[in-house]
Amino acid sequence: MKASDIIELVALAAIWGASFLFLRVAVPEFGPVTLTALRVAGAALCLLPLVFLRRHGTALRQHWKPIALVGLVNSALPFVLFSIAALALNAGLSAIFNATAPLWGAVVAWLWLGDRLTASRVAGLALGFVGVVALAWDKASFKPGEHGVSAALAIAACLGATLCYGLGANYTKKHLTGVPPLAVAAGSQAAAAAVLAVPAWWLAPPAMPGATAWASLLALAVVCTGVAYLLYFRLIAHLGAPRAITVTYLIPLFAVVWGALFLGEALTLSMAVGGAIVLAGTALATGVIALRPRHQRPQGNP
């Protein structure tokens, strides 16, 4: 990698790690659905002008149906689910569960697209899910917390969101290969905003959120979604998708740091161990690292 690519990769991880912090701040005042609707609408307003400036409008019109489905599965549903989780889980733990998205992607690709799973990838899937169980075991209380969401429900919401990401990634690979990524990003955010418009209006908060919550929403929409997509697509163009996806392994680190600095959240030993297991399993399952098979010794050697 060039130094500029490394800087952009780290910057993207820092931005996406901060999204869990902003969720923790904004979602109690806006509510999960309204916050998500405003987030994707803001991102769409940032991205759509770029689509037409780069003359991708034709691609957006031709592929609007699969792009709209990606908006539902890859943005509307997972963003709402992570917003629900933010009512009960700290930013670092949510980010660690977010790192399981490539695990689900590998499972969906195997079941749906017939992708071959090597022994190394199977070992990674097993290890990753062991890490999830280890993390959930210590936290999965069914007692509702301050905002009416239990830790168990929050963990289920995180895993449901990452399953959505796995489905969305594979659907995009199957039906939108060759479509300009910027058109997919902008169109999917606009579709997510359209899907959530009525529920967001119906579930609007009874009181006007405060300035800090609005600032967090603005950061989520413009920086953590709009700018982040542009950085991500630049990295895919420069490095290819397999290297660009390594950002997944840096996000929990930044989420933990931001949560500790700004919200006073602590990194527990169980989070550190469980997170390390999840990340190691994800790296194996996605082929970032691989187990080397033992080479057979030549016959006749002692």
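Roughly how many debye, to the nearest 20, is the charge dipole of segment 132-254 about its Cα centre, given +1 on each Lys and Arg Cβ, -1 on each Asp and Glu Cβ, and no other charges?
Numbers: 6 positive and 2 negative charges, 68 e Å.
Charge dipole, segment 132-254, about its Cα centre: 320 debye, nearest 20.
Could you line up Arg116, Arg39 from fewest to most neighbouring Cβ atoms inside 10 Å?
With the fewest neighbours first, Arg116, Arg39 line up as Arg116, Arg39.
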| note | Rounded to whole Å, √(5λ) for the Cα gyration tensor eigenvalues of segment 3-62, largest first, gives 26, 22, 7
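What ranking do Arg55, Arg121, Arg234 get, fewest neighbouring Cβ atoms within 10 angstrom at the top? Present the calculation step by step, with values, prior to reporting the outcome.
Details: Arg55 9, Arg121 21, Arg234 16.
Least to most surrounded, the residues fall as Arg55, Arg234, Arg121.
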| request: Among Val257, Gly275, Ala26, pick out the residue whose Cα is farthest towards the positive end of the charge dipole of the chain, where Lys and Arg carry +1 and Asp and Glu carry -1 on C-beta, about the Cα centre. | output: Gly275
| Put +1 on the Cβ of each Lys and Arg and -1 on the Cβ of each Asp and Glu in segment 1-122; which of Gly92, Ser120, Trp64 then has its Cα farthest toward the positive end of the dipole? | Trp64
| remark: In terms of the alpha carbon gyration tensor, root eigenvalues a ≥ b ≥ c, rounded if a/c is under 1.5 and otherwise prolate when a/b exceeds b/c or oblate, segment 1-125 is rounded
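Under 8 Å for C-alpha pairs, at least 6 residues apart: give me the relative contact order for segment 3-285, rounded to a whole percent.
On the way: 443 pairs, mean separation 122.3, N = 283.
Relative contact order here is 43 percent.
In the chain, which helices (entire DSSP H runs) extend 20 Å or more along their own long axis, judged by Cα positions, while averaging at least 0.0 on the Kyte-Doolittle scale?
Both cut-offs are met by 3-30, 32-53, 119-139, 151-175, 181-202, 269-285.
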| Per 5 Å bin, what percent of the C-alpha pairs of segment 3-285 does each bin hold, from zero upward? | 1, 6, 12, 17, 20, 18, 14, 8, 3, 1, 0
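Let's see if you can work this out: charge +1 on each Lys and Arg Cβ, -1 on each Asp and Glu Cβ, no other charges. What is the dipole magnitude of the chain about its Cα centre, in debye to the nearest 20? Intermediate values should be presented prior to the final figure.
Numbers: 18 positive and 7 negative charges, 204 e Å.
Computed charge dipole of the chain: roughly 980 debye.
Laboratory data are not the source of any read-out in this text; all were calculated from the coordinates shown. Predicted model, so just to flag it, every value in this text is computed and none were measured. Quick reminder, even Gly has a Cβ in these numbers, built from the backbone with ideal geometry, and neighbours come from all protein chains shown.
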